[in-house]
Amino acid sequence: MKIVKTGMAGTLESSDVLVTVRENPGKGVEILLQSIVERQFGSQIKKVVKEKLELLGIDEAVVQLNDKGALDCTIEARLAAAVYRACGITAYSWEKI
Amino acid sequence: MPGFDVMNNQENFSTEFRKVLTPPEKKDIEDFLALSGLRFEDDIEETAIVRENSEIIATGSISGNVLKCIAIKPDIRGSNLAGSLITSLIQKQYYRGISNLFIFTKPENSSIFSRLGFYVIYEVENEAVLMENNPAGLSSFIEKIKNETKAGITESVSSSQNGHLETSRKISAIVVNCNPFTKGHLYLIEKAASESVFLHIFVVSENRSVFPSETRFSLVKKGTEHLMNLAVHNGSDYIISNSTFPSYFIKDTKKIYDIHAKMDLGIFSEKIAPALNITRRFAGEEPLCPVTNNYNRLMAEILPQKGIEFTVIKRLEGGGSPVSASRVRQLIRENRLEETEQLLPPVTYDFLKSPDGAEIIKKIRGIKR
């Protein structure tokens, strides 16, 4: 999948995360995390993001997360939605999501 | 556009967006903002109103890529209502196709917005702060300028060194609006370019001028093609026009021009100029417009403090008075298009004669002054 625009998904409500995915040509994956539980779960969140991106076949992107304490499954879902929007794709691969 | 995610708001809150406010609604919003020392601005495109039962408890507005006039009822602050409100505003903007967002606010509020994913670009101490939700926004802007410049700057720097190294000639910059591009602007640019190793021209990007941004930019670009040692850039979001500077949070309205100048010139001299090795800024002398004249005065005061040399170039005169874009617009308004030919470079005059130009002429004649 190729990122063609900025994709966003999620909210800034408690227990949710706002994910923004931007293109990053030639510079790999960059994760910018801002989380209320960064000290406790920062590395876990980054791990979830990296694995999900790999599954979705994204190897170049700036992923910005503003996390208000979302569970891993929420992060994955918001990230997948943001990536699909960034790629302009509405035919989802449900197995990967 | 795919549907956005709706998380349930706290049950009894409702958020609605309005493009047009009825006079009583506008008054309610104005009164609500006044409680936080804020004003409603006239260029607002949509306003979010959050109500609990029928009482307004929060509001925020959007204008272009800016979020502004954001306020929350004092006694419910801290309930993450700000999070819901900003989410609504961000999502509304995303629907409109705008994802890079800006907030101008008081410095004491910057921490609220930084928790919501906004980063400080620049702060005018105690007065104002500009924030953006893309931490790489400014650096990608500078990257873009460098890419637009590459070929030109290496050529002109090396050619000036092959001859004789003139240390007095610097890399310089000029900011222009060009509404529209006149012989006066051309003269100013030619003069500035002749006194520079390389000249960066920033065309202010805002949609308040009767000539749209893209038109102003392309006329300057085409009209300066004969000059080798310059590059024309879109001023984007980092060259801030006073016509679009959000000042809803500045209590003392007399200070608005000063704060705008400190913000715009601060970003220019501390962020943009060092990255591009710009050490000098030019401006045209401004005998007619008091706002621009005041800005020139502020540049003369502020820029040298920040290590940027500032030079005013005397204006080109034609037919007994200075050549200016406002005079051109005046002639168009008075149906004297032919007389603008002597004030305009061919590129602008030809544009005015084109179908796109005719549209703008109609618009100018429709505007009453």
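The values are calculated or read from the model by the stated rules, or taken from the named source; none is laboratory data. Computed from a prediction, not measured in an experiment: that's the story for all the values here. Every residue, glycine as well, gets a Cβ built from its backbone with ideal geometry; the counts of neighbours run over all protein chains shown. Accessible surface is based on the protein model in full, side chains and every heavy atom, while ligands, DNA and RNA are left aside. Shrake-Rupley method; radii C 1.70, N 1.55, O 1.52, S 1.80 Å.
A few points about this structure:
- For the stretch B:276-296, the count of residues that are under 29 Å from B:Lys255 (Cα atoms), open to solvent by 60 Å² or more (accessible area, probe 1.4 Å) and over 22 Å from the mean Cα position of the chain (by Cα) is nonzero.
- When the stretch A:7-31 is limited to residues that are of a type in the set (Asp, Glu) and either open to solvent by less than 20 Å² (accessible area, probe 1.4 Å) or assigned to a loop (DSSP other than H, G, I, E, B) (or both), the one that is farthest from the other protein chains (Cβ to nearest Cβ) turns out to be A:Glu23.
- Evaluated against (1) open to solvent by 20 Å² or more (accessible area, probe 1.4 Å); (2) of a type outside the set (Phe, Trp, Tyr); (3) within 27 Å of B:Lys254 (Cα to Cα); (4) at pLDDT 95 or above, B:Met299 falls short on exactly one condition, (1).
- In the stretch A:62-78, the residues that are within 10 Å of chain B (Cβ to nearest Cβ) form Cβ pairs under 6 Å with partners that are of a type in the set (D, E, K, R) and not in a strand (DSSP E or B), at six or more places apart or across chains, as follows: A:Lys68/A:Asp16.
- Yes/no for A:Ile58 being touching a residue at least 12 places away in the same chain (Cβ under 8 Å), hydrophobic (A, V, I, L, M, F, W, C), out of contact with any strand residue (DSSP E or B) (no Cβ under 9 Å at 6 or more places or on another chain) and assigned to a loop (DSSP other than H, G, I, E, B): no
- Flag for B:Gln10 being modelled with pLDDT of 95 or more, within 14 Å of another protein chain (Cβ to nearest Cβ) and within 30 Å of A:Val83 (Cα to Cα): no
- Residue check for B:Ser88: open to solvent by less than 10 Å² (accessible area, probe 1.4 Å) and either touching a Ser or Thr at 6+ places or on another chain (Cβ under 8 Å) or modelled with pLDDT of 95 or more (or both): no
- Conditions (1) away from every other protein chain (no Cβ under 12 Å); (2) closer than 26 Å to B:Leu81 by Cβ; (3) open to solvent by 20 Å² or more (accessible area, probe 1.4 Å); (4) not basic (Lys, Arg); number of the one not met by A:Asp59: (2)
- Of all residues making up the stretch B:52-97, the number that are within 23 Å of A:Lys68 (Cβ to Cβ) and either within 14 Å of chain A (Cβ to nearest Cβ) or touching a Gly at 6+ places or on another chain (Cβ under 9 Å) (or both): 24
- Flag if B:Asn162 is in contact with a helix residue (DSSP H, G or I) (Cβ under 7 Å, 6 or more places away or on another chain) and at pLDDT below 95: no
- Filter pass, B:Thr340 being over 30 Å from B:Phe268 (Cβ atoms), open to solvent by less than 40 Å² (accessible area, probe 1.4 Å) and in contact with a Ser or Thr (Cβ under 9 Å, 6 or more places away or on another chain): yes
- Selection from the stretch B:245-291 of residues that are touching a residue at least 60 places away in the same chain (Cβ under 8 Å) and polar (S, T, N, Q): B:Ser247, B:Asn277, B:Thr279
- Those residues of the stretch B:118-154 which are touching a residue at least 24 places away in the same chain (Cβ under 8 Å), touching a strand residue (DSSP E or B) at 6+ places or on another chain (Cβ under 7 Å) and surrounded by 17 or more Cβ atoms within 10 Å (Cβ to Cβ), in sequence order: B:Ile121, B:Tyr122, B:Ala128, B:Val129, B:Leu130, B:Met131, B:Glu132, B:Leu138, B:Ile145, B:Thr149, B:Gly152, B:Ile153
- Subset of the stretch B:300-322 (residues that are aliphatic (A, V, I, L, M) and within 12 Å of B:Leu265 (Cα to Cα)): B:Ala300, B:Ile302, B:Leu303, B:Ile308
- Here B:Asn109 meets each of (1) over 26 Å from A:Val21 (Cβ atoms); (2) assigned to a helix (DSSP H, G or I); (3) within 14 Å of another protein chain (Cβ to nearest Cβ) with one exception, condition (3).
- The listed residue being touching a residue at least 12 places away in the same chain (Cβ under 8 Å), open to solvent by less than 40 Å² (accessible area, probe 1.4 Å) and over 25 Å from B:Asn80 (Cβ atoms), out of A:Val83, A:Val49: A:Val83
- Under the condition of being within 14 Å of chain B (Cβ to nearest Cβ) and of a type in the set (S, T, N, Q), the residues counted in the stretch A:79-97 number 1.
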